[in-house]
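As structure tokens, the structure follows; a few thoughts come after it.
Bear in mind these aren't lab numbers, they're just calculated from the coordinates by the rules spelled out. Owing to the predicted nature of the structure, the values given are computational and were not obtained by experimental measurement. Glycine also receives a Cβ, built like all others from the backbone with ideal geometry; neighbour counts cover every protein chain displayed.
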Amino acid sequence: MKTGYYPLLFLIILLLGPAFLPAAQGQGFMMDELSVSTLSKDFGKWRINFSWSDMDECGISVSHGDSASGKVAIATDAMTLASSRDKSKVLKISVIMYSRKDASLINQSILMDLANDTLTKSKACKDIIRTERVIDGQPGIFESGLMCPMNETVYVAAYPIEYHLDRPGGILESTAAGLILSTYGTEATERFIDSVRVRQLK
């Protein structure tokens, strides 16, 4: 090996080192800024796990509602994350439970209608984008649009959730759908949807 090799290598490292240093420092700073953690919360019959950034401070509330469509009873458990800094930022996940097993209640067409209806109620009026997407291991619908007149983005996702009815006569398979509504930014919404896991407790 030539004697001039090591001095030359040292010179190259010395010259290139500063170019890599800011990038490495920047990556470390971003990781500290994100401070992403996994949260686990119970609401109604469900336990939900999801990733959330400490930067997105929020308060959490839960609710329950009952309704009917013809002979089908519908129960809804919901959990809402509302920003403590910006009242316009809300993320809500609802689990819609039907009193019978019926695949037609959660087919892609119905999920699309559910997402569209939610966007409409959220006053989304333009730049509607729709994609098919796997959510919590299930094929679902993901949509976004701009709310009028503020031109702020709202996101909606709808997908099937495994559900059973625990009756005196035994456990019966039934049908449920998950519905996610978010006015948080793209990063927080994507992180939530990519990480969300909902499992039945009772």
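Near R47, within a Cβ-to-Cβ distance under 15 Å, what is the net charge of the other residues, with Lys and Arg +1 and Asp and Glu -1? Intermediate results must be reported in sequence, preceding the final value.
Numbers: positive: K41, K45, R197, R199, K202; negative: D42, D77, D136, E162.
The answer is +1.
Classify region 80-128 as rounded, prolate or oblate from the Cα gyration tensor: take a ≥ b ≥ c as the square roots of its eigenvalues, call it rounded if a/c is under 1.5, otherwise prolate when a/b beats b/c and oblate if not.
Values: a/c = 4.12, a/b = 1.58, b/c = 2.62.
It is oblate, given that a/c is not under 1.5 and a/b is not larger than b/c.
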Item to check | Exposure proxy ranking, count of Cβ atoms within 10 Å, fewest first, for R133, R191, R167 | outcome: R167, R133, R191
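Take the alpha carbon gyration tensor of region 38-160, find the square roots of its eigenvalues, order them as a ≥ b ≥ c, and report rounded if a/c is under 1.5; if not, report prolate when a/b exceeds b/c, else oblate. List each step's numbers first, then the result.
Details: a/c = 1.65, a/b = 1.17, b/c = 1.41.
Cα axes put region 38-160 in the oblate bin.
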Checklist outcome for this item: Burial-style ranking of 157-164, 96-103, 67-74, average other-beta-carbon count within 10 Å with highest first, yields 157-164, 96-103, 67-74
Checklist outcome for this item: Row for region 50-122, column shape: gyration tensor on C-alpha, a ≥ b ≥ c, rounded if a/c < 1.5 i.e. under 1.5, prolate if a/b over b/c, else oblate; value prolate
